[in-house]
């Protein structure tokens, strides 16, 4: 038994030595132990000794512990040295340099001042670059509400000649690895496969602003992060550009000091992907609008509507009869431009940016059956109504695409209309009906 314990102890020593060796070599992930702190007071009535679900507590953990808004802290008693028996959880709602505020989400007993809080420590492999990486992470997620997920696309990082270097690739991967450790972050990937997202930072003109707007829409990113660096003696100067879809853009500058002869200096000069110009596109502003029309069938129509909706499905027939619906309205509406769904965020009109050329518009919905109010959805049709249109824009101007959705069983269910706003909203794009296989597609061309 003693020999077995001695062997285990020796193994631990060896692992620790190896761990230290690899840390020196810079290949291990730092920060394996959890970050810990304690609850110091309450937001309301700071002298309170006991807290429960819904209360907000102040902890002595903050930015220095790698916290960001939305982190979930594990709560344990002050006597639980191993942190193995959590008594609850709290969500971080504000982060300061040395403290944070968290709202208690769950607790199987009263939470006292002095209770421990802990969270997995951020792991990193490039120690000199960690402060910069954390600041970029913090500034990317902090503008959003604690419960909100944030979709982030981390673009390439360039040298001062817009080349991608070995250092660029290492720093980008380090950012991806650090951002991925936070549950609040959803990392977006380029859906173009081997075709790279083509964008260079630092150019503030209309074309670049339209390009970044198009990229963020295509990538479905809330935050788009990119940057470049320059070398100066023993320092690397970074400038990052954070494009935020909801909260505005921000430029962040960092200075990273490195010891003389550090391998990063050689990597910073080793070009992996040379600069290539961004193909210039011609953009036109556009507004996308959709209108949902309601249909109120007469009583003598309901029997026919049920028959057309249910077909030979007896169960569905009886289900629809029981609803006693008197309003039909479009629900589950999906509108896409070039196969990318457009998010309306509760609105019926949004601005989009289109390039000159041909674009595919798709609109679809299901029939929803209601009784008196829009909150009384009783039944949703299994059948999705869909229509496509091709929009070819060659001329200049500001365009408006109007989509009308009708749940009626007679006439057109989906209508597209395209206007040039500069020409007093006259419908200048002509509709040409084409047929692809068995699907009818409208073609709008100026």
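Every read-out reported here was derived from the displayed coordinates using simple, explicitly stated rules and does not represent laboratory data. In this text, all values refer to a predicted model and were calculated from it rather than measured experimentally. Don't worry about glycine lacking a Cβ; one is built from the backbone with ideal geometry, like all the others, and counts go over all protein chains shown.
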Could you sort the peptides 336-345, 92-101 by per-residue average Cβ neighbour count (10 Å cutoff), highest mean leading?
92-101, 336-345
Find how many whole Å separate the alpha carbon centroid of region 364-392 from the alpha carbon centroid of region 261-330.
11 Å
Name the residues of region 360-374 whose amide N is less than 15 Å from a point 7 angstrom out from the Cα of residue 323 along the C-beta direction?
365-374
Label-point gap, in nm, between residue 220 and residue 276 - each point 7 angstrom along Cα→Cβ
2.7 nm
Pop a pseudo-label 7 angstrom from the Cα along the beta-carbon direction at both residue 307 and residue 366 and give the gap in nm to one decimal.
2.5 nm
Could you check the simple spin-label distance between residue 160 and residue 187, using points 7 Å along Cα→Cβ, in nm with one decimal?
3.0 nm
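Which FRET efficiency value, to the nearest 0.05, is calculated for residue 176 and residue 333 with the Förster distance at 41 angstrom and r the Cβ-Cβ distance?
Efficiency, from the Cβ-Cβ distance: 0.75.
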Take peptides 78-84, 267-273 and line them up by average Cβ neighbours within 10 Å, highest first, as a rough protection proxy.
267-273, 78-84
Pull out the extension gain between residue 358 and residue 60, defined as 0.36 nm times the separation in residues minus the alpha carbon to alpha carbon distance; nm, one decimal.
101.6 nm
